[in-house]
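In what follows, a structure is listed as structure tokens, so that the remarks can point back to it.
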Amino acid sequence: MDKKLDLKSIRREYEGPRLLEEEAGSNPFELFQKWFEQALKEEIDPNAMTLATVDENHNPDARIMLLKEVNEKGFIFYTNYHSKKGKDLAQNPKATIVFFWHKMVRQVRIFGIVEKLSEQEAIEYFQQRPFESQVAAYLSKQSEIIENRDEVEKKFHQLLEEFKNKPVPKPESWGGYILIPLKFEFWQGRPARFHDRLLYIRESTSIEEWKRYRLYP
Ligand SMILES: Cc1cc2nc3c(=O)[nH]c(=O)nc-3n(C[C@H](O)[C@H](O)[C@H](O)COP(=O)(O)O)c2cc1C
């Protein structure tokens, strides 16, 4: 690098509201929903999250994904099962997702067990995707090395023609996962770095029973 980046001078005060136990409640899904609804109004990509996985050599990896649904069981996202993350999850079905909502100065970390969605659920979501995204799913050997980008683009245009005016079937390698949470941490940025942090840990096999703790900033 020919020019040194001046990172040390980047500093701002976080002016978020307090995160208090009374308002947070006892169910982290409900608090997530409340925060998400606020993020929807404030943020550009409220459903963008970091998904962290661990591979067979215990090396961590992370990438941005889009959260596509939350239900009473967990957090749903879609991808290619043969991708790097798909391979990681096949041999270690544990993951963490992290949301960062800039304007509200909020972070949510959710750790859990990941399961594949059923073929039927994946098909239902695939059918709602725009035509070009459906076709693009056929091209993607996600995370593999491309020798020639022009070839891939040519193939894409061929496929667009082939599938024109026809329903596009879901490729076998494309599907969804649900992360079933065991732990949530809600972090609210506060002035003087005196942040509010609440940790929820699942008590039992019941998704409804959570223990709540306050953490030091
Ligand atoms: C804003 C944003 C949203 C993304 N959403 C998804 C997604 O929902 N599914 C997906 O497979 N990749 C998504 N990606 C691409 C991933 O970050 C990643 O590059 C890709 O899934 C390959 O990851 P892997 O090699 O770790 O498997 C998104 C990237 C960005 C920047």
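The values are calculated or read from the model by the stated rules, or taken from the named source; none is laboratory data. All figures in this text were calculated on a predicted structure; none of them were measured in a lab. Neighbour counts run over all protein chains shown; Cβ positions are idealised from the backbone, glycine included.
The residues listed here are 166, 170, 183; of these, the one that is assigned to a loop (DSSP other than H, G, I, E, B), basic (Lys, Arg) and surrounded by 13 or more Cβ atoms within 10 Å (Cβ to Cβ) is 170. Return yes when residue 192 is at pLDDT below 95, more than 20 Å from the chain's Cα centre (by Cα) and on the phi > 0 side of the Ramachandran plot and no when it is not. Considered against the rule, which asks whether it is at pLDDT below 95, more than 20 Å from the chain's Cα centre (by Cα) and on the phi > 0 side of the Ramachandran plot, residue 192 comes out as yes. Within the stretch 134-174, the residues that satisfy the criterion of being more than 16 Å from the ligand (Cβ to nearest atom) and polar (S, T, N, Q) are 148, 158, 165. Scan the stretch 122-138 and give yes if some residue there is touching a helix residue (DSSP H, G or I) at 6+ places or on another chain (Cβ under 6 Å) and either more than 25 Å from residue 210 (Cβ to Cβ) or in a loop (DSSP other than H, G, I, E, B) (or both), otherwise no. Yes, the stretch 122-138 contains a residue that is touching a helix residue (DSSP H, G or I) at 6+ places or on another chain (Cβ under 6 Å) and either more than 25 Å from residue 210 (Cβ to Cβ) or in a loop (DSSP other than H, G, I, E, B) (or both). Could you please find all residues in the stretch 190-206 being surrounded by fewer than 17 Cβ atoms within 10 Å (Cβ to Cβ) and either acidic (Asp, Glu) or not in a strand (DSSP E or B) (or both)? Within the stretch 190-206, 191, 192, 193, 194, 203, 204, 205, 206 meet the criteria.
The residues of the stretch 34-70 that are among the polar types (S, T, N, Q) and either over 13 Å from the mean Cα position of the chain (by Cα) or farther than 18 Å from residue 111 by Cβ (or both), listed by number, are 38, 47, 57, 59. Within the stretch 154-186, being at pLDDT 95 or above and among the small types (Gly, Ala, Ser) holds for 175, 176. Of a type outside the set (Ser, Thr, Tyr) and loosely packed, with under 15 Cβ neighbours inside 10 Å, is that true of residue 84? So residue 84 does not fit the description; no.
Residues in the stretch 92-104 that are part of a strand (DSSP E or B) and either β-branched (Val, Ile, Thr) or away from the ligand (no atom under 13 Å from the Cβ) (or both): 94, 96, 97, 98, 101.
Scanning the stretch 207-217 for residues that are surrounded by 12 or more Cβ atoms within 10 Å (Cβ to Cβ) and either of a type in the set (Phe, Trp, Tyr) or under 30 Å from residue 84 (Cα atoms) (or both) yields 207, 210. When 124, 115, 119 are screened for being acidic (Asp, Glu), over 30 Å from residue 12 (Cβ atoms) and free of Cβ contacts under 8 Å to residues at least 40 places away in the same chain, only 124 passes.
The single condition among (1) free of Cβ contacts under 8 Å to residues at least 40 places away in the same chain; (2) polar (S, T, N, Q); (3) away from the ligand (no atom under 14 Å from the Cβ) that residue 107 does not meet is (1).
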